[in-house]
Amino acid sequence: MFNARNQGLCYAVIRNINYSASMDLEGKDALSVIIVGASGDLARKKLLPALFSLYSQGFMPDRFHVFGFARSAMSHEEFRARVGEHLTCRYVPEHDCERKMAEFLSRCHYVQGSYDSPDSFMDLYQTMKPLELGRAHRLYYLAIPPSIFVDVARAMGRAGLVTCTPGKTWSRVIIEKPFGSDRESSDRMAHELAQAFPERDIYRIDHYLGKEIIQNLLVLRFANTIFEPLWNGRCIEQVQITWKENIGIGSRAGYFDEYGIIRDVIQNHMMQILSLVAMERPATLNAQAIRDAKLDVLKHIPPLRLEDLVVGQYRRNGKNPSYNEEDGVPRDSVTPSYAAMALRVDHARWQGVPFLIRAGKGLNARCNEIRIRFRPATSNLFSGALSSLPANQLVIRVQPDEAVALKVVSKVPGLKLTLAETELDLRYATAFNVVIPEAYEGLILDAIRGEKSLFIRSDELAAAWDIFTPVLHELEQRRIKPEPYDFGSEGPAAAGDLAARHGVEWL
Ligand SMILES: NC(=O)c1ccc[n+]([C@@H]2O[C@H](COP(=O)([O-])OP(=O)(O)OC[C@H]3O[C@@H](n4cnc5c(N)ncnc54)[C@H](OP(=O)(O)O)[C@@H]3O)[C@@H](O)[C@H]2O)c1
C-alpha cells in the first residue's frame, strides 16, 4: 500500500492556492447564506452541517449569518433545534464542541414565506438587514424542487434581493440538478433564471465534483508523469464508469418516475466524471480553462444512438417489489431504473476506445467507480508461467470507500516463477491522516470565494443534454419497454451483449 500520510498537507496547500486566487470576501464583510427550502432534507442533512464545518474551521467571516426560508411554520428556536440535530464536530475538539455548536446556532434564523411572493422575500430582507450592516454579500442556496426555481428567482428579483455592486458586493445563487429534462427545457430554465441572475452569479452544483477523489482525477493525470503518456487509445482499451445502488427508488417515486436514471445520474454526474477522465490538459487551473477542456469533450461525443443503449427496470425478487409496484409509480411505467450505454469521444486521443457507462437502482451492490483498462501486453515473455497476461487496470473508486488501485502482474514469492494479478492500493480512509471533507463543504466554500471550476457552466449543461435529448425523446415517443432485471442482480443481460458488440466485457 502506498504511504501517503505526508502528502495530505501538500494537497491542502494546492487547494488553498487555488481558492485564494479568486477570493473576494474580506474578513470585515458580512456574509449571509440564505437557504431557500430550509425545511427539507438536503438543507438539514447536508447544507447546514457543511456550513457548520466551515464555520468551525474558521472559514466564515465574523459577521456570518444563516437564514432559512420555507413555507413551513417554524420559530427561530424551532429551526435551530432542527438544525442542531444533524451537526457533528468533525473539526472541533470534543471539549469545545458544544460551545461551537451553540455559537453557530445563534447565527441561524428562520423566515416563513411563499416561494413566489415578493412580500415574503421582503420579510426575509427585513430579518437580514439589521445583521448585515456595512458591506454584505449574499449566497442563496435553492434547496427546493427545480420546478419552482424560476418563481423564486423572480420573486427575489422583485423584492430587490438580487443586488450587487460589481467589485464590492455580490449575490450568488447555487442551484442543484435536475436542470430541465431535455435540451429545450434546460435552455428555457437557463433563460428564465438569467432574467434574475447573470450567468456569472449562477453556481450549478454537482456534488460529485466536490468529492475528493473526483478532484484527484486532475492531480492524478497531470501531476504524475506516468499516466499522461499512456492516456490515449494506443494504450487504453476501454473506459468504464459504473454507478450502482442496491436499493430501489424508495420515497422518491414522484421525482424519479418523471426523470429516470439517464436524467437522474448519467446526463449530469457521470458525464462530468467522463469529461474529467477524457479532457485534454487545461492550460491553467482556472475555472475557464478547466471548464473549456470539459466542454470540448462533451462536444466531441456524438448523440447516443438507441442501438448503443440498453434500458432496464427492476422486477420483484423476494420481498423487494418491482419498480412499477413502488408507491407513486404507474403500473405501466416505462421509466428506466437502469441504463447501460457505449459512447465515443471523437477525438484523436480516444480513437477506438469505447466509453461504457452503466447506472442503475435495485442492483447487487452500492458502488461508483471508474475503470480504465489498458491494452494487454503484445508479447509474453512469461508464457511458461502464465499463458496470457492480464491487462493493467486503473480503478478509481468514488463510493463506498474512496480509493485508487492499479492492477499489475507480479511474481508470487517462491522458488517457482508464478505470476498473479495484484493491486497497488491507495485507500483514502487509511492513507491520509486528515478528515476528508464532505463534498458540500468544499463546494459551498468555492461559491463564497467565487471559484467556479467545480460548477457547471451553461454551455457544458447544453452539450451534455445534446448527447441524450434525441434518444430520450425516442424512448418516450415510442414508449420503449425497459428490459426487466431481478432486484439485486447485475442488471439486464442485454448489457453484456452491448459491451460485446463494442469488443469488450464489463469489468
Ligand atoms: N436530498 C439530496 O441529497 C439531493 C440530491 C440531489 C439534488 N437535490 C436537489 O435539491 C432539492 C432539495 O432537496 P430536498 O431533498 O431537501 O427536497 P425536499 O425535501 O423535497 O424539498 C425541500 C423543501 O422544498 C419545499 N417543497 C417541496 N416540494 C415542493 C413543491 N412541490 N412546491 C413547493 N415547495 C416544495 C418543502 O418546504 P416547505 O414545504 O416548508 O416550503 C421542502 O421542505 C431537490 O429538489 C433536488 O432538486 C437534493
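The values are calculated or read from the model by the stated rules, or taken from the named source; none is laboratory data. Keep in mind that what you see is a predicted model, and the values were worked out from it rather than measured. Here the Cβ is made from the backbone with ideal geometry for all residues, glycine too, and neighbour counts use every protein chain on show.
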Entirely in region 395-507, the helices (runs of 4 or more DSSP H) that have 3 or more residues that are closer than 30 Å to GLN288 by Cβ, assigned by TED's automatic domain parsing to the domain that holds ILE290 and at pLDDT 95 or above: 458-477
Those residues that are β-branched (Val, Ile, Thr) and either within 22 Å of ILE262 (Cβ to Cβ) or free of Cβ contacts under 8 Å to residues at least 60 places away in the same chain (or both), I need them from region 349-395; list them, please. VAL353, ILE357, ILE370, THR378, VAL395
A careful count of residues in region 242-283 that are at pLDDT below 95 and of a type in the set (S, T, N, Q) gives 1
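Being more than 30 Å from the chain's Cα centre (by Cα), surrounded by fewer than 18 Cβ atoms within 10 Å (Cβ to Cβ), at pLDDT 95 or above and more than 18 Å from HIS65 (Cβ to Cβ): is that true of ASP123 here?
Taking the combined requirement at face value, the residue does not satisfy it.
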Looking only at region 300-348, count how many residues are aliphatic (A, V, I, L, M), touching a Pro at 6+ places or on another chain (Cβ under 8 Å) and surrounded by fewer than 20 Cβ atoms within 10 Å (Cβ to Cβ). 1
Of all the residues that make up region 26-79, how many are more than 16 Å from the ligand (Cβ to nearest atom) and under 18 Å from LEU131 (Cα atoms)? 15
Would you point out the residue of region 47-76, among those that are within 22 Å of GLY113 (Cβ to Cβ) and of a type outside the set (A, V, I, L, M, F, W, C), that is nearest to the chain's Cα centre (by Cα)? GLY68
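Residue-wise test of (1) at pLDDT below 90; (2) over 30 Å from ALA431 (Cβ atoms); (3) more than 12 Å from the ligand (Cβ to nearest atom).
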{"residue": "ILE144", "(1), (2), (3)": "no, yes, no"}
{"residue": "ALA153", "(1), (2), (3)": "no, yes, yes"}
{"residue": "ASP187", "(1), (2), (3)": "no, yes, yes"}
{"residue": "ALA190", "(1), (2), (3)": "no, yes, yes"}
{"residue": "GLU199", "(1), (2), (3)": "no, yes, yes"}
{"residue": "LEU217", "(1), (2), (3)": "no, no, yes"}
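Hey, can you tell me all the residues within region 475-507 that are under 30 Å from LEU193 (Cβ atoms), within 27 Å of the chain's Cα centre (by Cα) and surrounded by fewer than 16 Cβ atoms within 10 Å (Cβ to Cβ)? Step through it out loud before you land on a result.
Going residue by residue through region 475-507, those that are under 30 Å from LEU193 (Cβ atoms) are 475-477.
The next check asks that each one be within 27 Å of the chain's Cα centre (by Cα); those that pass are 475-476.
Matches in region 475-507: GLU476 only.
Can you confirm whether PRO146 is closer than 18 Å to GLY160 by Cβ, touching a Lys or Arg at 6+ places or on another chain (Cβ under 8 Å) and touching a residue at least 24 places away in the same chain (Cβ under 8 Å)? Reasoning before the result, please.
Values: closer than 18 Å to GLY160 by Cβ: no; touching a Lys or Arg at 6+ places or on another chain (Cβ under 8 Å): yes; touching a residue at least 24 places away in the same chain (Cβ under 8 Å): yes.
Spelling it out, it is not the case that PRO146 is closer than 18 Å to GLY160 by Cβ, touching a Lys or Arg at 6+ places or on another chain (Cβ under 8 Å) and touching a residue at least 24 places away in the same chain (Cβ under 8 Å).
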For region 408-449, which positions are buried (at least 19 other Cβ atoms within 10 Å of the Cβ) and in contact with a Leu (Cβ under 8 Å, 6 or more places away or on another chain)? ALA439, TYR440, GLU441, GLY442, LEU443, ILE444, LEU445, ASP446, ALA447, ILE448
Of (1) at pLDDT 95 or above; (2) among the aromatic types (Phe, Trp, Tyr); (3) more than 16 Å from the ligand (Cβ to nearest atom), TYR115 satisfies every one except (3)
Cβ contacts < 6 Å: first residue closer than 12 Å to ILE174 by Cα, restricted to region 449-461; second residue assigned to a strand (DSSP E or B) and at pLDDT 95 or above, any location; separation 6+ or different chain. Result? PHE455/TYR203; PHE455/ARG204; ILE456/ARG204
